[in-house]
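Trainee: Can you keep this structure in mind? I'll have questions shortly.
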């Protein structure tokens, strides 16, 4: 069992010295809204990627009321390229709720914050501890890695029971006076020192406390299940031309890339040629009859749980009115209007080919 006072004191002292060299969006800020935005953006996204988005977001939507007042399409456009778009939709939904139920001011405690749509256990703990000083631990991937190495934890960290046990121990360790510095210290230690590979143990403030450091098997922890092979799909999309306009479709709200716009298309089935797959998908998704035009190009793209090879063609409208069999909305737009819509990154890569 870790010594609470000694462990916390060393960690907080290190953080207070190093925080200037470890800038992270929202950290060190007492504005609960800024912390909320930053922590949501930082989920599954690297700090260097988040910084420009965070700065632009806080410029364009400086308060919760500003965020609640704009349309979702504008929010998704601001988020374009950051990925995991449900985060943006949830921020927008949460802002509207806070304006309606809390007069635009975030509550101060975890139990109240959890009432806000889109704010879960992690984000509520981040806001409550970093902005309001509630002594509740934060548990992200960095914290799990640090704790697992400190204790040479043999349990699988992806299991809910393991995370619950870690939370209980961190609740014992977190100091009442400096919960924000403790939480930020653990997260930044994992990000900058106790990294997944080649951890910088020589510069760790708690290396003498670390069981894995003493045993020399740091990279054996944390324990996780073996990853399954990532599926790879071949996708075709069509840029359908009609009267100098192109057809775009809005994806359903609930699901991958919800609310974004895209070009009609889908997966190539086994034994199917790309051209035939595209004509089939367009018919199934829109009901349109089209002629296949010239090929635009092929791009590679990776999502978290699968990879795709995407090939795009120009197509020419022949007959029919676009129906929404697989989308929530269809629009015919001019080429120079595409920049006003939020597209998935794979579709953006196709547009980049066109502009070049």
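Trainee: Is there a residue being assigned to a loop (DSSP other than H, G, I, E, B), modelled with pLDDT under 90 and surrounded by fewer than 15 Cβ atoms within 10 Å (Cβ to Cβ) anywhere in the stretch 230-253? Reasoning before the result, please.
Mentor: Residues of the stretch 230-253 that are assigned to a loop (DSSP other than H, G, I, E, B), as a first pass: 230-231, 243-244, 251-253.
Applying the additional criterion that residues be modelled with pLDDT under 90 yields 253.
Pick out the ones that are also surrounded by fewer than 15 Cβ atoms within 10 Å (Cβ to Cβ) and you get 253.
So far as the stretch 230-253 goes, yes, one or more of its residues are assigned to a loop (DSSP other than H, G, I, E, B), modelled with pLDDT under 90 and surrounded by fewer than 15 Cβ atoms within 10 Å (Cβ to Cβ).
Trainee: Any residue in the stretch 286-295 that is in contact with a helix residue (DSSP H, G or I) (Cβ under 6 Å, 6 or more places away or on another chain), surrounded by 13 or more Cβ atoms within 10 Å (Cβ to Cβ), under 28 Å from residue 79 (Cβ atoms) and at pLDDT 95 or above?
Mentor: So far as the stretch 286-295 goes, no, none of its residues is in contact with a helix residue (DSSP H, G or I) (Cβ under 6 Å, 6 or more places away or on another chain), surrounded by 13 or more Cβ atoms within 10 Å (Cβ to Cβ), under 28 Å from residue 79 (Cβ atoms) and at pLDDT 95 or above.
Trainee: So which residues in the stretch 207-229 are surrounded by 15 or more Cβ atoms within 10 Å (Cβ to Cβ) and touching a residue at least 40 places away in the same chain (Cβ under 8 Å), if there are any at all? Break it down into steps so the answer makes sense when it comes.
Mentor: Pass one, the stretch 207-229, residues surrounded by 15 or more Cβ atoms within 10 Å (Cβ to Cβ): 207, 209-213, 218, 221-223.
Of everything in the stretch 207-229, those that are surrounded by 15 or more Cβ atoms within 10 Å (Cβ to Cβ) and touching a residue at least 40 places away in the same chain (Cβ under 8 Å) turn out to be 209, 210, 211, 212, 213, 218, 221, 222, 223.
Trainee: Can you tell which of 138, 186, 150 is in contact (Cβ under 8 Å) with a residue 12 or more places away in the chain, surrounded by 20 or more Cβ atoms within 10 Å (Cβ to Cβ) and either touching a strand residue (DSSP E or B) at 6+ places or on another chain (Cβ under 9 Å) or within 16 Å of residue 212 (Cα to Cα) (or both)? Give the steps one after another, and end with the answer.
Mentor: Details: 138 fails: either touching a strand residue (DSSP E or B) at 6+ places or on another chain (Cβ under 9 Å) or within 16 Å of residue 212 (Cα to Cα) (or both); 186 fails: either touching a strand residue (DSSP E or B) at 6+ places or on another chain (Cβ under 9 Å) or within 16 Å of residue 212 (Cα to Cα) (or both).
The match here is 150.
Trainee: Further question: Has the stretch 346-354 got any residue that is within 29 Å of residue 74 (Cα to Cα), part of a loop (DSSP other than H, G, I, E, B) and modelled with pLDDT under 95? Lay out the reasoning, then the answer.
Mentor: First pass over the stretch 346-354, keeping only residues within 29 Å of residue 74 (Cα to Cα): 346-354.
Now narrow it down to the ones that are part of a loop (DSSP other than H, G, I, E, B): none.
No, every residue in the stretch 346-354 fails to be within 29 Å of residue 74 (Cα to Cα), part of a loop (DSSP other than H, G, I, E, B) and modelled with pLDDT under 95.
Trainee: Is one or more of the residues making up the stretch 108-124 under 21 Å from residue 224 (Cα atoms), under 19 Å from the mean Cα position of the chain (by Cα) and modelled with pLDDT under 95?
Mentor: Let us first name the residues in the stretch 108-124 that are under 21 Å from residue 224 (Cα atoms), namely 122.
If we keep only those that are under 19 Å from the mean Cα position of the chain (by Cα) too, we end up with 122.
Checking the rest, the ones that are also modelled with pLDDT under 95 come to 122.
The answer is yes; a qualifying residue exists.
Trainee: Another question about this same structure. So how many residues does the stretch 121-146 have that are more than 25 Å from residue 195 (Cβ to Cβ) and assigned to a loop (DSSP other than H, G, I, E, B)?
Mentor: Final tally of qualifying residues: 4.
Trainee: Do the conditions hold for residue 280, that is, is it surrounded by 15 or more Cβ atoms within 10 Å (Cβ to Cβ) and without any contact (Cβ under 8 Å) to a residue 12 or more places away in the chain? Break it down stepwise before answering.
Mentor: Numbers: surrounded by 15 or more Cβ atoms within 10 Å (Cβ to Cβ): yes; without any contact (Cβ under 8 Å) to a residue 12 or more places away in the chain: yes.
Yes: the conditions hold for residue 280.
Trainee: Take the residues in the stretch 296-329 that are at pLDDT below 95 and surrounded by 14 or more Cβ atoms within 10 Å (Cβ to Cβ); name whichever of them is farthest from residue 264 (Cα to Cα).
Mentor: Once the filter is applied, the top-ranked residue is 303.
Trainee: Only one of (1) closer than 26 Å to residue 255 by Cα; (2) in contact with a helix residue (DSSP H, G or I) (Cβ under 6 Å, 6 or more places away or on another chain); (3) surrounded by fewer than 17 Cβ atoms within 10 Å (Cβ to Cβ) is not met by residue 74, so which one is it?
Mentor: (2)
Trainee: With the stretch 1-120 as the region, which helices (runs of 4 or more DSSP H) entirely inside it contain at least 3 residues that are in contact (Cβ under 8 Å) with a residue 60 or more places away in the chain?
Mentor: Values: elements: 4-18, 32-42, 47-60, 64-69, 72-79, 86-102, 110-113.
Per the criteria, 4-18, 32-42, 72-79.
Trainee: Same structure, new question: Would it be correct to say that residue 59 is more than 20 Å from residue 256 (Cβ to Cβ) and surrounded by 19 or more Cβ atoms within 10 Å (Cβ to Cβ)?
Mentor: Values: more than 20 Å from residue 256 (Cβ to Cβ): yes; surrounded by 19 or more Cβ atoms within 10 Å (Cβ to Cβ): no.
In short, no.
The values are calculated or read from the model by the stated rules, or taken from the named source; none is laboratory data. The shown structure was predicted, so the numbers you read here are calculated from the model rather than taken from an experiment. Every residue, glycine among them, receives a Cβ derived from its backbone with ideal geometry; neighbour counts consider all protein chains shown.
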